[in-house]
Amino acid sequence: CVVRSRDALSYFSDAAVAPRRNTHSVTAASLAMVAVDTRFAEALHRRGRSIGLTASPLGAPLVALRTDGDGSCLPHAISLSLWGIHDRSAAGGAAAAAAPAAVDKLPSFPFPRIAGQEEMKLALLLNVVDPRIGGVLIMGDRGTGKSTAVRALAEMLPPIDIAEGDEFNSSVSDGELMSTEVKEAIEAGNTPGTVSVPTPMIELPLGATEDRICGTINMEKALMDGAKAYEPGLLAKANRGILYVDEVNLLEDSLVDVVLDSAASGWNTVEREGISVIHPARFIMIGSGNPEEGELRPQLLDRFGLAVTVRTMFNEQARVQLVLDRLDFERDADAFVAKYEKEVKDQTDKITAARERLSKVEMDRDLKVQVSEVCSMLDVDGLRGDMVVNRAARALVAYEGRTKVTQDDVERVIGLALAHRMRKDPLDSMDGSSKVQMVYQKVFDPAAAQKAAEAKAAEGAAAAEAAKKNKKAGSWGGLPGQ
């Protein structure tokens, strides 16, 4: 219901406009932004109802008005939904609170049925066992199941217990996962109740703004009560869950920095419009993208704990099986999910057991020293690489039901943790796994590395000798001395 601003001004200019309580009086400038049909406003005026108005078709901001029985029209609220009018009267509000709208969640493809891409699946599983690893960056060809794997992982995670009524998914037992309000309530002896909810999985769209990510001032409370209040952003909703950014290489670098800073520290700090808020933001950061559309800067690559390069499968049997499974899923998603429900539950139980076992896993000092030696020889900047390799190896051991890290465990995760840290120049390739494996062999198995070097040298000498024999008479033999 859009009307010319001149009509709105002519209507409201006749009304007795005066401030009430903590609200501000309506001015000509604010009335010019009101998109409401005058006949509709008159009807509401006669009924004495209060409403909230949404955005206009052109996306202009709107001032929502409260119509009182004495004819005054006051700013009331700004509705955050699109193309709807919310009844703000007592009866309407009570009805809305009594009957919340339920949204059915679409089923996801079962994680255990994703064929191939074992490195990607391993990297995702290690992060859910130990979120301190620092997230996963998945880069690869189109249609390789990157987004499907992430959404399937979220469906497989065990539920979490959060403080009742808390907007930050706070825990009532872990101080590092508590918001300020919950911590103060517990210190005062008023421990809030808990509610079990699914592990949150928040998708960050490319068009998101920094205010939407970090949170901003609550305009509705500001207009209704005249008080400063914080409106939680996506980082608050993702606390203790997963934050997924598809096409992360197309997201603005400044926004990637903000998200990765919060993921690394576990806290989100908001300072804007006179509001100062610090809340927990411990989540698993997962980014995916196609390198053909652009690369991430080396400084941002280093902030991801693990990185995987996925490629199209060329195994005929695996491809056929995955295609058949996908067709069955699209034909009847609910039946397909129910068919593999036991496999998903077994995987969930395995993750829960691994989280409980993680604190008991041990890693010898000699292995830690060798890991640091590899990082030093590869010229890895900082200490993130050393820490991620140690954490990933321990998470792998816990996931497989053991309590002792071996050299084989380090070998399986060191490429995931260090390959993307080899990129020093923006023009270099992101995949440095071959260099990592070469240095790993040199440190952990010097004899094998020496044999490989000798074999490579012998192969090069044989190739040079063969080229000399095949040289034609009279052909140029190069500069003297070569």
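The values are calculated or read from the model by the stated rules, or taken from the named source; none is laboratory data. Keep in mind that what you see is a predicted model, and the values were worked out from it rather than measured. Quick reminder, even Gly has a Cβ in these numbers, built from the backbone with ideal geometry, and neighbours come from all protein chains shown. Please note that ligands, DNA and RNA were not included when accessible areas were found on the heavy atoms of the full protein model with its side chains. Shrake-Rupley method; radii C 1.70, N 1.55, O 1.52, S 1.80 Å.
Below, the figures for the structure above:
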read-out	value
In sequence order, calculated HN-Hα J values of the range 378-393 (Karplus, 6.51, -1.76, 1.60; Hz; x Gly/Pro)	7, 6, 6, 6, x, 10, 4, x, 4, 5, 5, 4, 4, 5, 5, 5
Karplus-derived HN-Hα couplings along the range 125-141 (A = 6.51, B = -1.76, C = 1.60, θ = phi - 60°), whole Hz, x at Gly and Pro	5, 5, 6, 6, 6, 9, x, 5, 4, x, x, 9, 10, 10, 10, x, 5
Phi-based couplings in Hz for the range 314-325 (Karplus 6.51, -1.76, 1.60; Gly and Pro marked x)	10, 7, 4, 5, 5, 5, 5, 4, 5, 5, 5, 4
Distance violations [Cα-Cα > 24 Å] among 435/469; 146/345; 368/435; 121/345	435/469
Spacing of the two label points (7 Å from each Cα toward its C-beta) at residue 181 and residue 317, in nm	5.6
Segments 122-128, 315-321 sorted - mean Cβ within 10 Å per residue, highest first	122-128, 315-321
Per residue accessible area of the range 223-373, 1.4 Å probe, in Å²	52
For residue 284, residues with placed amide H under 5 Å, excluding near neighbours	241, 242, 243
Solvent-accessible surface ranking, highest first, for 113, 402 at 1.4 angstrom	402, 113
Extended-chain gain in nm, criterion 0.36 nm per residue less alpha-carbon gap, residue 278 and residue 195	27.6 nm
Residue-normalised accessible area of the range 114-197, given per residue in Å² at a 1.4 Å probe	42
Amide H partners (placed H, <5 Å) of residue 268, local residues excluded	279, 281
Accessible surface of the range 207-326, 1.4 Å probe, proportion on carbon and sulfur as whole %	51
Range of Cα positions in the range 187-259 per principal axis (Å), largest first	46, 33, 19
Distant-in-sequence amide H partners of residue 194 (H built 1.01 Å from N, under 5 Å)	164
Nearest-0.05 FRET efficiency for residue 211 and residue 269, computed from C-beta distance (R0 22 Å)	0.95
